1. May I ask you to list the residues in the stretch 115-140 that are β-branched (Val, Ile, Thr) and either under 14 Å from Val176 (Cβ atoms) or surrounded by 15 or more Cβ atoms within 10 Å (Cβ to Cβ) (or both)?
2. Would you check which residues across the stretch 196-232 are farther than 15 Å from Ala99 by Cβ, at pLDDT 80 or above and surrounded by 13 or more Cβ atoms within 10 Å (Cβ to Cβ) and list them?
3. For the stretch 146-198, how many residues are of a type in the set (A, V, I, L, M, F, W, C) and under 23 Å from Leu115 (Cβ atoms)?
4. Exactly one of (1) more than 20 Å from the chain's Cα centre (by Cα); (2) buried (at least 17 other Cβ atoms within 10 Å of the Cβ) is unmet by Ala193. Its number?
5. Looking at the stretch 145-154, can you tell me whether even one residue there is at pLDDT below 90, surrounded by 14 or more Cβ atoms within 10 Å (Cβ to Cβ) and assigned by TED's automatic domain parsing to the domain that holds Pro214?
6. Inspect all residues belonging to the stretch 45-68 and state whether any of them is small (Gly, Ala, Ser), assigned to a helix (DSSP H, G or I) and either modelled with pLDDT of 85 or more or closer than 30 Å to Ala140 by Cα (or both).
Amino acid sequence: MGGPCCWRIKQSQARLRRACSPKRVQAKAPLQAALSVQYVVSTDSEISSSRPGLLCLLSFAVSRLIYLQKTQMHNTMTNYPQASLLILVLTSATLFWVALTDFRSFKIRNEAVLLLAGLYFLYSATSGEWTSVPWHLGFAILTLAGMTYIYAVNKMGGGDIKLLSVAFLWTGPWSVLPFSLLLLVFIGIHYLAARIGWAAAEKSPAGLRIPLAPSVAGALVGTFALGFVAAA
């Protein structure tokens, strides 16, 4: 072992070596398990002071208590798999409605975006993934800030940016890769369909402009189906 649990002691020979060998003792209670450790030092060593042994024991006990506290907090998190699965179904239905609305009228309502964001927080509370919310929220804010430039140069509508930000809120940094790949596939299919006249599109100076919500909805539901965002 390294760190504070090891110290240098004098040997009969003219050399130094580390000696701090813990021996665990069986204990039933978690607190007893954290403190039930004995430190046995080699008999051929002469310890210059007994203080390092006390510091070693205290540091190990504190680290064990911190670990047990974190483990207990993780195990006591509320987890409702059926409720979280129902929220995923409701989210998929909401995405379908948003995609259909954008496909017909090229408009994404703010109420739908807020509903999708609220469903994410409900999902996190029921699936036991509440501790990952700061990571997902920070990632969504970061992507929103990055897409602000695209909106400023009129390459994407405000509704599309809001919907993408909520989609990144759902995926977080861990599921963004499969979502992005699916999104590119759906955008490519939709764009080809619009080019041959099978799907509606708007003409702009930059070229054809297709509604983005159908592709975002398909990519996010596909991410759900593949299990990248699933109930714990």
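1. Start the filter on the stretch 115-140 by keeping residues that are β-branched (Val, Ile, Thr), which leaves 126, 131, 133.
Listed by number, the residues that qualify are Thr126, Val133.
2. Matches in the stretch 196-232: Arg209, Ala225, Leu226.
3. Our first condition is that a residue be of a type in the set (A, V, I, L, M, F, W, C); within the stretch 146-198, this holds for 147, 150, 152-153, 156, 161, 163-164, 166-170, 174, 176-177, 179, 181-187, 189, 192-194, 196, 198.
Okay, now just the ones that are also under 23 Å from Leu115 (Cβ atoms), so 147, 156, 161, 163-164, 166-170, 176, 179, 182-183, 186.
Matching residues across the stretch 146-198 total 15.
4. (2)
5. Yes, the stretch 145-154 contains at least one residue that is at pLDDT below 90, surrounded by 14 or more Cβ atoms within 10 Å (Cβ to Cβ) and assigned by TED's automatic domain parsing to the domain that holds Pro214.
6. First, the residues of the stretch 45-68 that are small (Gly, Ala, Ser): 45, 48-50, 53, 59, 61, 63.
Right, trim to assigned to a helix (DSSP H, G or I) and you get 53, 59, 61, 63.
Adding the requirement that they be either modelled with pLDDT of 85 or more or closer than 30 Å to Ala140 by Cα (or both) leaves none.
Checked the stretch 45-68: no residue is small (Gly, Ala, Ser), assigned to a helix (DSSP H, G or I) and either modelled with pLDDT of 85 or more or closer than 30 Å to Ala140 by Cα (or both).
The values are calculated or read from the model by the stated rules, or taken from the named source; none is laboratory data. As the structure is a prediction and not an experimental result, all values here were calculated from the model. Glycine gets a Cβ as well: all are built from the backbone with ideal geometry, and neighbour counts include every protein chain shown.
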